[in-house]
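Q: This is the structure I want to talk about, given as C-alpha coordinates.
The values are calculated or read from the model by the stated rules, or taken from the named source; none is laboratory data. Since the model is a prediction, treat every value here as computed from it, not as a measurement. A quick note on method: Cβ atoms are made from the backbone with ideal geometry, for glycine too, and the neighbour counts reach across all protein chains shown. Surface areas here come from the heavy atoms of the whole protein model, side chains and all, with no ligands, DNA or RNA. Shrake-Rupley method; radii C 1.70, N 1.55, O 1.52, S 1.80 Å.
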Amino acid sequence: MNNVDSQIGIDRRDFIKKGGLGALALTAATAGIPVDLFSSTVHAEKLEHNVTLQFKPDGKFKIVQFNDTQDDERIDRRTIQLMEKVLDTEKPDFVVLNGDNISGGCATPLEMKQAINNVAQPMEKRGIKWAVTFGNHDEDSTPQSGLNEEDMLRIYMSYKYNMNQPGPKGVTGTGNMNLIIKNSSGNKAAFNLWLFDSGRYAPTTIAGQDFKGYPSWDWLRFNQVSWYYETSKRIEKQWGYKVPSLVFIHIPLWEHRYMWYASVDERTDANHALAVKKHNIVGERNEEECPGPVNSGLFSAMLERGDVKGVFCGHDHVNNYMGNYYGILLGYSSSTGFGAYGLPGSERNRLRGARVFNLDENTEGTLSETHMVFAKDFGIDLTANDQSVDPEPLQEMGKNIEVKS
(Lines give C-alpha, C1' and ligand atoms only; values in the text may rest on other atoms or scores of the structure.)
Protein backbone atom coordinates (compact mmCIF):
# COMPACT_ATOMS: atom_id res chain seq x y z
CA MET A 1 0.00 0.00 0.00
CA ASN A 2 1.80 3.13 -1.17
CA ASN A 3 1.89 5.82 1.49
CA VAL A 4 0.51 8.47 -0.82
CA ASP A 5 -1.98 11.20 0.10
CA SER A 6 -2.36 9.72 3.58
CA GLN A 7 -3.37 13.10 4.96
CA ILE A 8 -6.52 12.96 2.85
CA GLY A 9 -8.04 11.00 5.70
CA ILE A 10 -7.86 13.97 8.07
CA ASP A 11 -9.59 16.39 5.71
CA ARG A 12 -12.13 13.77 4.74
CA ARG A 13 -13.07 13.08 8.33
CA ASP A 14 -13.51 16.81 8.94
CA PHE A 15 -15.73 16.99 5.86
CA ILE A 16 -17.86 14.06 6.94
CA LYS A 17 -18.16 15.37 10.49
CA LYS A 18 -19.23 18.84 9.37
CA GLY A 19 -21.36 17.76 6.43
CA GLY A 20 -25.08 17.15 6.66
CA LEU A 21 -27.79 15.18 4.95
CA GLY A 22 -29.17 18.43 3.55
CA ALA A 23 -26.06 18.91 1.44
CA LEU A 24 -26.15 15.24 0.48
CA ALA A 25 -29.74 15.47 -0.61
CA LEU A 26 -29.07 18.59 -2.66
CA THR A 27 -26.12 16.95 -4.39
CA ALA A 28 -28.12 13.80 -4.99
CA ALA A 29 -31.06 15.67 -6.45
CA THR A 30 -28.72 17.47 -8.83
CA ALA A 31 -27.41 14.12 -10.01
CA GLY A 32 -30.88 12.73 -10.48
CA ILE A 33 -30.79 10.23 -7.62
CA PRO A 34 -33.93 10.14 -5.44
CA VAL A 35 -33.40 11.87 -2.11
CA ASP A 36 -34.87 8.86 -0.27
CA LEU A 37 -31.73 6.96 -1.29
CA PHE A 38 -30.38 8.20 2.03
CA SER A 39 -33.27 6.83 4.06
CA SER A 40 -33.45 3.28 5.37
CA THR A 41 -35.64 2.30 2.41
CA VAL A 42 -33.98 0.51 -0.47
CA HIS A 43 -35.22 0.14 -4.02
CA ALA A 44 -34.57 -3.52 -4.55
CA GLU A 45 -36.07 -6.92 -4.08
CA LYS A 46 -33.97 -8.11 -1.16
CA LEU A 47 -33.35 -11.68 -0.13
CA GLU A 48 -35.59 -12.79 2.70
CA HIS A 49 -34.02 -12.28 6.14
CA ASN A 50 -34.22 -15.99 6.90
CA VAL A 51 -32.16 -16.91 3.85
CA THR A 52 -28.74 -18.07 5.03
CA LEU A 53 -25.53 -19.36 3.60
CA GLN A 54 -25.39 -23.14 3.50
CA PHE A 55 -22.98 -25.87 2.47
CA LYS A 56 -23.97 -27.79 -0.65
CA PRO A 57 -25.27 -31.37 -0.39
CA ASP A 58 -21.74 -32.67 -1.00
CA GLY A 59 -20.55 -30.82 2.11
CA LYS A 60 -18.55 -28.23 0.14
CA PHE A 61 -18.64 -24.44 0.15
CA LYS A 62 -16.44 -22.05 -1.85
CA ILE A 63 -15.56 -18.40 -1.19
CA VAL A 64 -13.82 -15.95 -3.52
CA GLN A 65 -12.03 -12.85 -2.22
CA PHE A 66 -11.65 -9.87 -4.55
CA ASN A 67 -9.42 -7.12 -3.16
CA ASP A 68 -8.70 -3.54 -4.18
CA THR A 69 -10.86 -3.29 -7.29
CA GLN A 70 -10.25 0.42 -6.58
CA ASP A 71 -11.57 2.34 -9.57
CA ASP A 72 -14.20 4.96 -10.36
CA GLU A 73 -17.22 4.90 -12.66
CA ARG A 74 -14.92 4.35 -15.66
CA ILE A 75 -13.40 1.06 -14.56
CA ASP A 76 -10.63 -0.78 -16.40
CA ARG A 77 -12.46 -3.39 -18.46
CA ARG A 78 -9.98 -6.08 -17.40
CA THR A 79 -11.02 -5.78 -13.76
CA ILE A 80 -14.55 -6.86 -14.67
CA GLN A 81 -13.21 -9.46 -17.09
CA LEU A 82 -11.09 -10.97 -14.31
CA MET A 83 -13.99 -11.01 -11.86
CA GLU A 84 -16.26 -12.68 -14.40
CA LYS A 85 -13.65 -15.28 -15.40
CA VAL A 86 -13.02 -16.19 -11.77
CA LEU A 87 -16.73 -16.46 -10.98
CA ASP A 88 -17.49 -18.56 -14.08
CA THR A 89 -14.54 -20.88 -13.47
CA GLU A 90 -14.69 -21.26 -9.68
CA LYS A 91 -18.49 -20.98 -9.27
CA PRO A 92 -18.24 -19.76 -5.66
CA ASP A 93 -21.06 -19.85 -3.15
CA PHE A 94 -20.05 -16.49 -1.68
CA VAL A 95 -17.86 -13.52 -2.63
CA VAL A 96 -16.13 -10.93 -0.45
CA LEU A 97 -15.14 -7.56 -1.90
CA ASN A 98 -12.51 -6.92 0.73
CA GLY A 99 -12.05 -3.16 0.79
CA ASP A 100 -10.88 -0.31 -1.46
CA ASN A 101 -13.73 -1.28 -3.74
CA ILE A 102 -13.84 2.16 -5.37
CA SER A 103 -11.42 5.08 -5.61
CA GLY A 104 -11.39 8.86 -5.46
CA GLY A 105 -12.47 9.64 -9.01
CA CYS A 106 -16.25 9.89 -8.43
CA ALA A 107 -17.37 13.52 -8.60
CA THR A 108 -21.12 13.01 -8.04
CA PRO A 109 -23.51 10.60 -6.30
CA LEU A 110 -24.41 9.22 -9.73
CA GLU A 111 -20.78 8.41 -10.49
CA MET A 112 -20.41 6.81 -7.07
CA LYS A 113 -23.42 4.59 -7.77
CA GLN A 114 -21.99 3.69 -11.17
CA ALA A 115 -18.64 2.77 -9.62
CA ILE A 116 -20.35 0.56 -7.05
CA ASN A 117 -22.52 -0.96 -9.76
CA ASN A 118 -19.42 -1.91 -11.75
CA VAL A 119 -18.15 -4.25 -9.03
CA ALA A 120 -21.59 -5.48 -7.93
CA GLN A 121 -22.82 -6.68 -11.30
CA PRO A 122 -20.51 -9.69 -11.81
CA MET A 123 -22.14 -11.35 -8.77
CA GLU A 124 -25.63 -9.96 -9.32
CA LYS A 125 -25.82 -11.23 -12.89
CA ARG A 126 -24.85 -14.70 -11.70
CA GLY A 127 -27.04 -14.79 -8.60
CA ILE A 128 -24.04 -15.20 -6.27
CA LYS A 129 -24.33 -13.96 -2.70
CA TRP A 130 -21.73 -11.39 -1.72
CA ALA A 131 -20.72 -8.74 0.80
CA VAL A 132 -18.15 -5.96 1.16
CA THR A 133 -15.74 -4.66 3.74
CA PHE A 134 -14.41 -1.10 3.60
CA GLY A 135 -10.81 -0.02 3.08
CA ASN A 136 -8.92 3.23 3.43
CA HIS A 137 -9.73 4.44 -0.10
CA ASP A 138 -13.49 3.86 -0.21
CA GLU A 139 -14.22 7.37 1.06
CA ASP A 140 -11.71 9.12 -1.21
CA SER A 141 -14.63 10.36 -3.34
CA THR A 142 -16.66 11.54 -0.34
CA PRO A 143 -15.62 15.23 -0.47
CA GLN A 144 -16.81 15.44 -4.10
CA SER A 145 -19.77 13.06 -4.11
CA GLY A 146 -21.09 13.76 -0.61
CA LEU A 147 -21.57 10.03 0.04
CA ASN A 148 -19.78 8.45 3.00
CA GLU A 149 -19.43 4.77 3.87
CA GLU A 150 -22.84 4.60 5.54
CA ASP A 151 -24.40 5.87 2.33
CA MET A 152 -22.33 3.44 0.29
CA LEU A 153 -23.38 0.56 2.53
CA ARG A 154 -27.04 1.37 1.88
CA ILE A 155 -26.33 1.25 -1.84
CA TYR A 156 -24.52 -2.08 -1.55
CA MET A 157 -27.33 -3.48 0.60
CA SER A 158 -29.90 -2.53 -2.03
CA TYR A 159 -28.65 -5.24 -4.38
CA LYS A 160 -30.61 -8.45 -4.39
CA TYR A 161 -27.77 -10.84 -3.60
CA ASN A 162 -25.84 -8.63 -1.21
CA MET A 163 -25.70 -9.90 2.38
CA ASN A 164 -24.21 -6.91 4.20
CA GLN A 165 -25.74 -5.69 7.44
CA PRO A 166 -25.56 -2.23 9.05
CA GLY A 167 -23.32 -3.50 11.85
CA PRO A 168 -23.70 -3.37 15.63
CA LYS A 169 -24.38 0.01 17.22
CA GLY A 170 -21.63 1.53 19.30
CA VAL A 171 -18.89 -0.33 17.42
CA THR A 172 -16.35 1.68 15.43
CA GLY A 173 -16.57 1.40 11.66
CA THR A 174 -19.22 0.65 9.07
CA GLY A 175 -20.71 -2.77 8.44
CA ASN A 176 -18.84 -4.90 10.99
CA MET A 177 -20.66 -8.21 10.86
CA ASN A 178 -20.53 -11.99 10.95
CA LEU A 179 -22.26 -14.51 8.71
CA ILE A 180 -23.05 -18.05 9.80
CA ILE A 181 -22.83 -20.77 7.14
CA LYS A 182 -25.12 -23.70 7.94
CA ASN A 183 -24.09 -27.28 7.30
CA SER A 184 -25.45 -29.22 4.32
CA SER A 185 -28.41 -30.42 6.40
CA GLY A 186 -29.24 -26.86 7.41
CA ASN A 187 -29.54 -27.67 11.10
CA LYS A 188 -26.13 -26.68 12.48
CA ALA A 189 -23.59 -23.89 12.14
CA ALA A 190 -20.67 -25.29 10.16
CA PHE A 191 -18.63 -22.13 9.62
CA ASN A 192 -18.62 -18.40 10.31
CA LEU A 193 -17.34 -15.34 8.47
CA TRP A 194 -16.19 -12.14 10.21
CA LEU A 195 -16.11 -8.93 8.15
CA PHE A 196 -14.42 -5.92 9.76
CA ASP A 197 -14.08 -2.29 8.81
CA SER A 198 -10.36 -1.67 9.45
CA GLY A 199 -10.74 2.08 9.02
CA ARG A 200 -8.92 4.59 6.88
CA TYR A 201 -6.17 6.73 8.39
CA ALA A 202 -4.78 7.40 11.84
CA PRO A 203 -6.24 10.44 13.61
CA THR A 204 -4.32 13.72 13.50
CA THR A 205 -3.28 13.46 17.14
CA ILE A 206 -3.89 11.47 20.29
CA ALA A 207 -3.17 13.16 23.65
CA GLY A 208 -1.63 16.06 21.73
CA GLN A 209 0.89 13.82 19.95
CA ASP A 210 0.91 13.36 16.19
CA PHE A 211 1.87 10.21 14.27
CA LYS A 212 4.84 11.59 12.35
CA GLY A 213 7.31 8.76 11.83
CA TYR A 214 4.65 6.07 12.33
CA PRO A 215 2.45 4.29 9.79
CA SER A 216 -0.43 6.57 8.85
CA TRP A 217 -3.18 4.00 8.34
CA ASP A 218 -5.94 3.04 10.75
CA TRP A 219 -6.38 0.08 13.08
CA LEU A 220 -9.21 -1.90 14.65
CA ARG A 221 -10.45 -0.25 17.84
CA PHE A 222 -10.82 -2.09 21.12
CA ASN A 223 -14.62 -2.05 20.84
CA GLN A 224 -14.38 -3.97 17.55
CA VAL A 225 -12.09 -6.57 19.10
CA SER A 226 -14.40 -6.78 22.12
CA TRP A 227 -17.41 -7.20 19.82
CA TYR A 228 -15.67 -10.10 18.07
CA TYR A 229 -14.70 -11.70 21.39
CA GLU A 230 -18.14 -11.45 23.00
CA THR A 231 -20.00 -12.44 19.81
CA SER A 232 -17.73 -15.45 19.42
CA LYS A 233 -18.61 -16.55 22.94
CA ARG A 234 -22.33 -16.09 22.27
CA ILE A 235 -22.08 -18.17 19.09
CA GLU A 236 -20.35 -20.95 21.01
CA LYS A 237 -23.04 -20.82 23.70
CA GLN A 238 -25.82 -20.87 21.10
CA TRP A 239 -24.50 -23.90 19.19
CA GLY A 240 -22.68 -25.70 21.97
CA TYR A 241 -19.28 -25.64 20.22
CA LYS A 242 -16.75 -23.25 18.74
CA VAL A 243 -17.71 -22.51 15.14
CA PRO A 244 -14.61 -22.35 12.90
CA SER A 245 -14.31 -19.08 11.03
CA LEU A 246 -12.42 -16.77 8.68
CA VAL A 247 -11.74 -13.06 9.19
CA PHE A 248 -11.76 -10.63 6.27
CA ILE A 249 -10.13 -7.28 6.92
CA HIS A 250 -8.65 -4.76 4.50
CA ILE A 251 -5.60 -3.46 6.41
CA PRO A 252 -3.18 -6.17 7.58
CA LEU A 253 -2.32 -6.95 11.18
CA TRP A 254 1.15 -6.37 12.60
CA GLU A 255 1.34 -10.15 12.92
CA HIS A 256 1.49 -10.43 9.13
CA ARG A 257 4.89 -8.74 9.26
CA TYR A 258 6.04 -10.66 12.33
CA MET A 259 5.27 -13.91 10.53
CA TRP A 260 7.20 -13.01 7.37
CA TYR A 261 10.41 -12.60 9.36
CA ALA A 262 9.67 -14.90 12.31
CA SER A 263 10.69 -11.88 14.34
CA VAL A 264 9.43 -8.59 15.72
CA ASP A 265 12.62 -6.57 15.32
CA GLU A 266 14.90 -8.37 12.86
CA ARG A 267 14.16 -8.20 9.13
CA THR A 268 16.84 -10.12 7.26
CA ASP A 269 16.83 -12.75 4.53
CA ALA A 270 18.01 -15.25 7.13
CA ASN A 271 15.03 -14.39 9.32
CA HIS A 272 12.68 -14.93 6.41
CA ALA A 273 14.29 -18.25 5.47
CA LEU A 274 13.61 -19.42 9.01
CA ALA A 275 10.05 -18.10 8.81
CA VAL A 276 9.32 -20.01 5.58
CA LYS A 277 10.09 -23.28 7.34
CA LYS A 278 8.56 -22.34 10.68
CA HIS A 279 5.31 -20.87 9.34
CA ASN A 280 5.00 -22.67 5.98
CA ILE A 281 4.96 -19.40 4.06
CA VAL A 282 4.07 -19.45 0.36
CA GLY A 283 3.50 -16.61 -2.10
CA GLU A 284 5.06 -13.24 -2.86
CA ARG A 285 5.87 -10.16 -0.79
CA ASN A 286 6.80 -7.22 -3.01
CA GLU A 287 6.22 -4.37 -0.57
CA GLU A 288 6.33 -3.89 3.17
CA GLU A 289 3.16 -4.55 5.12
CA CYS A 290 1.27 -1.37 5.95
CA PRO A 291 -0.66 -1.79 9.22
CA GLY A 292 -1.62 1.13 11.44
CA PRO A 293 0.58 2.52 14.23
CA VAL A 294 -1.28 0.60 16.96
CA ASN A 295 -1.56 -3.17 17.36
CA SER A 296 -5.28 -3.76 17.85
CA GLY A 297 -4.93 -6.94 19.89
CA LEU A 298 -7.23 -8.85 17.55
CA PHE A 299 -4.73 -11.66 17.10
CA SER A 300 -4.43 -12.16 20.85
CA ALA A 301 -8.23 -12.29 21.14
CA MET A 302 -8.43 -14.85 18.33
CA LEU A 303 -5.79 -17.04 19.97
CA GLU A 304 -7.78 -16.93 23.19
CA ARG A 305 -11.06 -17.85 21.51
CA GLY A 306 -9.63 -20.54 19.23
CA ASP A 307 -12.29 -20.30 16.52
CA VAL A 308 -10.58 -18.27 13.77
CA LYS A 309 -8.72 -20.37 11.20
CA GLY A 310 -7.46 -17.51 9.05
CA VAL A 311 -7.22 -13.74 8.62
CA PHE A 312 -7.01 -12.45 5.04
CA CYS A 313 -6.42 -8.88 3.93
CA GLY A 314 -5.51 -6.78 0.90
CA HIS A 315 -4.31 -3.15 1.03
CA ASP A 316 -0.77 -3.95 -0.15
CA HIS A 317 -1.55 -4.70 -3.78
CA VAL A 318 1.51 -6.71 -4.74
CA ASN A 319 1.57 -9.09 -1.77
CA ASN A 320 -0.20 -12.45 -1.92
CA TYR A 321 1.68 -14.57 0.59
CA MET A 322 0.17 -16.82 3.25
CA GLY A 323 1.50 -18.70 6.25
CA ASN A 324 0.47 -20.45 9.44
CA TYR A 325 1.16 -18.19 12.41
CA TYR A 326 0.67 -20.18 15.59
CA GLY A 327 -2.36 -22.03 14.28
CA ILE A 328 -4.00 -19.15 12.41
CA LEU A 329 -3.45 -18.62 8.68
CA LEU A 330 -2.41 -15.05 7.89
CA GLY A 331 -2.59 -14.11 4.24
CA TYR A 332 -3.09 -11.59 1.47
CA SER A 333 -4.97 -11.46 -1.77
CA SER A 334 -3.24 -9.30 -4.37
CA SER A 335 -5.27 -6.60 -6.06
CA THR A 336 -8.02 -7.47 -8.52
CA GLY A 337 -8.26 -3.97 -9.97
CA PHE A 338 -6.20 -3.10 -13.04
CA GLY A 339 -6.73 0.60 -12.32
CA ALA A 340 -4.80 0.42 -9.04
CA TYR A 341 -1.04 0.47 -8.60
CA GLY A 342 0.82 -2.76 -9.24
CA LEU A 343 4.36 -3.96 -9.79
CA PRO A 344 6.89 -1.67 -11.52
CA GLY A 345 7.08 -1.24 -15.28
CA SER A 346 5.94 -3.94 -17.66
CA GLU A 347 5.24 -6.28 -14.72
CA ARG A 348 2.52 -3.93 -13.44
CA ASN A 349 -0.40 -6.36 -13.85
CA ARG A 350 1.33 -9.70 -13.33
CA LEU A 351 -0.24 -10.32 -9.90
CA ARG A 352 -3.81 -9.17 -10.58
CA GLY A 353 -5.97 -11.92 -9.18
CA ALA A 354 -8.31 -13.30 -6.53
CA ARG A 355 -8.08 -15.72 -3.62
CA VAL A 356 -10.20 -18.88 -3.48
CA PHE A 357 -11.18 -20.67 -0.26
CA ASN A 358 -12.45 -24.24 -0.33
CA LEU A 359 -14.44 -25.34 2.71
CA ASP A 360 -15.42 -28.92 3.50
CA GLU A 361 -17.67 -29.68 6.45
CA ASN A 362 -16.12 -33.16 6.67
CA THR A 363 -12.59 -31.76 7.12
CA GLU A 364 -11.17 -30.88 10.53
CA GLY A 365 -11.35 -27.12 10.87
CA THR A 366 -13.56 -26.99 7.75
CA LEU A 367 -11.13 -24.78 5.79
CA SER A 368 -9.56 -27.41 3.56
CA GLU A 369 -7.54 -25.24 1.16
CA THR A 370 -6.91 -21.74 -0.17
CA HIS A 371 -4.99 -20.52 -3.21
CA MET A 372 -4.59 -17.58 -5.56
CA VAL A 373 -5.81 -17.44 -9.16
CA PHE A 374 -4.41 -14.83 -11.53
CA ALA A 375 -5.47 -12.86 -14.60
CA LYS A 376 -2.67 -14.55 -16.51
CA ASP A 377 -4.37 -17.90 -15.86
CA PHE A 378 -7.32 -16.73 -17.97
CA GLY A 379 -5.36 -15.19 -20.83
CA ILE A 380 -6.32 -11.63 -19.85
CA ASP A 381 -4.22 -8.86 -21.37
CA LEU A 382 -1.55 -7.78 -18.85
CA THR A 383 -0.28 -4.77 -20.81
CA ALA A 384 0.70 -1.94 -18.47
CA ASN A 385 -1.79 0.58 -19.81
CA ASP A 386 -5.23 2.02 -19.09
CA GLN A 387 -8.26 0.28 -20.58
CA SER A 388 -11.07 2.16 -18.84
CA VAL A 389 -14.59 1.91 -20.27
CA ASP A 390 -17.81 3.81 -19.79
CA PRO A 391 -20.17 2.44 -17.11
CA GLU A 392 -23.21 0.41 -18.03
CA PRO A 393 -26.47 2.40 -17.89
CA LEU A 394 -27.96 1.93 -14.43
CA GLN A 395 -31.47 1.86 -15.85
CA GLU A 396 -30.63 -1.46 -17.52
CA MET A 397 -29.35 -3.12 -14.38
CA GLY A 398 -32.66 -4.44 -13.07
CA LYS A 399 -33.89 -4.32 -9.50
CA ASN A 400 -31.31 -1.93 -8.09
CA ILE A 401 -31.61 1.65 -6.86
CA GLU A 402 -33.42 3.70 -9.44
CA VAL A 403 -31.51 6.52 -11.10
CA LYS A 404 -33.63 9.04 -12.97
CA SER A 405 -32.41 10.34 -16.29
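Q: Can you check what the net charge comes to around ASN324, using other residues whose Cβ is under 12 Å from the Cβ of ASN324 (Lys, Arg +1; Asp, Glu -1)?
A: Net charge in that neighbourhood comes out at +2.
Q: Sticking with this structure for a sec: Among the listed pairs LYS60/LYS91; LYS91/LYS182; LYS62/LYS125; LYS182/LYS233; LYS182/LYS278; LYS60/LYS113, which have their C-alpha atoms separated by more than 23 angstrom in this model?
A: From the list (LYS60/LYS91; LYS91/LYS182; LYS62/LYS125; LYS182/LYS233; LYS182/LYS278; LYS60/LYS113), the Cα-Cα distance tops 23 Å for LYS182/LYS278; LYS60/LYS113.
Q: Further question on the same structure: Only four residue types carry charge here, +1 at the Cβ of Lys and Arg and -1 at the Cβ of Asp and Glu. Report the dipole size of segment 38-183 about the Cα centre in Debye, rounded to the nearest 20.
A: 720
Q: While we're here: Suppose a student asked you for the relative contact order of segment 255-360, using Cα pairs under 8 Å spaced at least 6 residues apart; what percent would you report?
A: 21
Q: Which of the aspartates and glutamates could a cross-linker bridge to LYS309, judged by Cα under 18 Å and excluding same-chain residues fewer than eight apart?
A: GLU230, GLU236, GLU255, ASP360, GLU361, GLU364, GLU369
Q: Suppose every Lys and Arg Cβ carries +1 and every Asp and Glu Cβ carries -1, with no other charges. What dipole size does segment 84-170 come out with about its Cα centre, to the nearest 20 debye?
A: About 400 debye.
Q: Using a 1.4 Å probe on the protein chains only, how many percent of the accessible area of segment 190-331 belongs to carbon and sulfur?
A: Answer for segment 190-331 is 51 percent, counting heavy atoms of protein chains only.
Q: Here's a follow-up. Once ligands and nucleic acids are excluded and a 1.4 Å probe is used, how much of CYS106 is accessible, expressed in Å² to the nearest 10?
A: Per-residue accessible area (CYS106): approximately 0 Å².
Q: Determine which residues of segment 281-320 fall in the zone a paramagnetic label at LEU274 would reach in this model, i.e. backbone nitrogen under 17 Å from the point 7 Å along Cα→Cβ.
A: Residues 281 fall inside that zone.
Q: Give me the percent of the accessible area of segment 41-186 that comes from carbon and sulfur atoms, probe 1.4 Å, all protein chains in place.
A: 46
Q: Let me ask something else about it. For segment 206-314, what does the accessible surface come to per residue with a 1.4 Å probe? Please give it in Å².
A: On a per-residue basis, segment 206-314 sits at 48 Å².
Q: What does the charge count around LEU220 come to, taking other residues whose C-beta lies under 13 Å from its C-beta (Lys +1, Arg +1, Asp -1, Glu -1)?
A: Combined, the nearby Lys, Arg, Asp and Glu give -1.
Q: Dipole size in debye (nearest 20) for segment 98-253 around its Cα centre, Lys and Arg Cβ +1, Asp and Glu Cβ -1?
A: With Lys and Arg at +1 and Asp and Glu at -1, about 880 debye.
Q: For SER185 and GLU304, FRET efficiency with R0 = 25 Å and r from the beta-carbon atoms, rounded to 0.05?
A: Efficiency, rounded to the nearest 0.05: 0.25.
Q: For segment 146-157, take each phi angle, set θ = phi - 60°, evaluate the Karplus expression 6.51 cos²θ - 1.76 cosθ + 1.60, and give the result in whole Hz per residue in order, putting x for glycine and proline.
A: So the J values, rounded to whole Hz, are x, 9, 9, 5, 5, 5, 4, 4, 4, 5, 4, 5.
Q: Please compute the net charge surrounding LYS233, taking Lys and Arg as +1 and Asp and Glu as -1 over other residues with Cβ under 15 Å from its Cβ.
A: Charge balance near LYS233 sits at 0.
Q: Need one number: nm distance between label points at GLU266 and ASP377, each 7 Å from Cα along Cα→Cβ, rounded to one decimal.
A: Placing both labels 7 Å along Cα→Cβ, they lie 3.6 nm apart.
Q: Apply the Karplus curve 6.51 cos²θ - 1.76 cosθ + 1.60, θ = phi - 60°, to the phi angles in segment 56-63 and return the couplings in whole Hz, x for Gly and Pro.
A: Each residue's phi maps through the Karplus curve to give 6, x, 7, x, 10, 8, 10, 10 Hz.
Q: Starting from the amide H of THR133, placed 1.01 Å from N in the peptide plane, find each other amide H under 5 Å away whose residue is 5 or more places distant or on another chain.
A: Placed amide hydrogens put LEU97, ASN98, GLY99 under 5 Å from THR133.
Q: Across the Cα atoms of segment 165-273, what radius of gyration and what greatest pairwise Cα-Cα distance (Dmax) are found, in Å?
A: 17.8, 56
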